[in-house]
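A.B. asks: My structure is below; once you've seen it, I'll send some questions.
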């Protein structure tokens, strides 16, 4: 029993170490870090409790070795955690988080340039996980699907991006682009619905008239079955 508990504790610590080495995006989330720390100590105490039921008071002596083993197995996690905490403290102290700085998608853009579409989509989805409210990664995923002739797959990310846009100009631009893509696929009525929604969302702005003009110029034909 106690052997299994110790192995589970060390395995958990080792898994945290591997995920830290891989720079697993969810591990940057503070609630996930707190859960990882709680799991680490919970499994440690379970291992000590299981050991105590077998060897009695000697468990206290062995517990130091168990903890040392956990630290060794999780050797990459703790420096990762400390660096992240220091970075968070630095950003808070300097006010960096409150500064409006354009985001960088260097790795994803590099994958796009190399036409590594799957890698680019994966990296943009990681950006979505970091900032679910940001429309830009969704827009870029949609454009990748169009570029690699998977226009049907572009519809969902286009919708996700549109739902997150608030400023009139980018919202109008993306709505017009999405409508054009739908029309090219033969889904004219869906393209019309996108423009009608855009007309309502852009009411009172100069883009409202642009949306109405595009509605007038839509081809009159049934959607492809």
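A.B. asks: Over the chain, with a single point scatterer placed on each C-alpha, what log10 of the ratio I(q)/I(0) does the Debye formula yield at q = 0.07 1/Å?
C.D. replies: -0.41
A.B. asks: If you don't mind, another one. Give the angle, between 0 and 90 degrees and rounded to the nearest 10, that separates the Cα long axis of helix 77-94 from the longest principal axis of the Cα atoms of the chain.
C.D. replies: Roughly 50 degrees, rounded to the nearest 10.
A.B. asks: Using Cα pairs under 8 angstrom and six or more residues apart, how large is the relative contact order of the chain, in percent?
C.D. replies: 13 percent.
A.B. asks: When the helices in the chain are scored as -39500 (n - 2.57) per DSSP H run of 4 or longer and the sum is shared across all residues, what 222 nm value do you end up with, to the nearest 500 deg cm²/dmol?
C.D. replies: -24500 deg cm²/dmol
A.B. asks: By how many degrees, between 0 and 90 and to the nearest 10, does the Cα long axis of helix 30-55 differ from the longest principal axis of the chain?
C.D. replies: Approximately 30 degrees, to the nearest 10.
A.B. asks: Would you calculate the convex hull of the Cα atoms in the range 106-216 and tell me its volume per residue in Å³? Before the final figure, lay out the partial values.
C.D. replies: Working: hull volume 10.5 nm³, N = 111.
Enclosed volume per residue, from the Cα hull, is 94 Å³.
A.B. asks: Using alpha carbons only, how many degrees (0 to 90, rounded to 10) separate the axis of helix 58-73 from the longest principal axis of the chain?
C.D. replies: 40
A.B. asks: Place a label point 7 angstrom from the Cα of residue 115 along the Cα-to-Cβ direction, then list the residues of the range 143-178 whose backbone nitrogen is under 18 Å away.
C.D. replies: Counting only backbone N, you get 143-151.
A.B. asks: Going highest first, how would you order 168-178, 20-30 by mean Cβ packing within 10 Å? Walk me through the numbers on the way to the answer.
C.D. replies: Numbers: 168-178: 19.2, 20-30: 13.5.
Most protected by this proxy first, the peptides run 168-178, 20-30.
Quick note: the coordinates plus some simple rules give every number you see, no bench work behind them. Bear in mind that the values here come from a model prediction, so they are computed numbers and not experimental data. Here the Cβ is made from the backbone with ideal geometry for all residues, glycine too, and neighbour counts use every protein chain on show.
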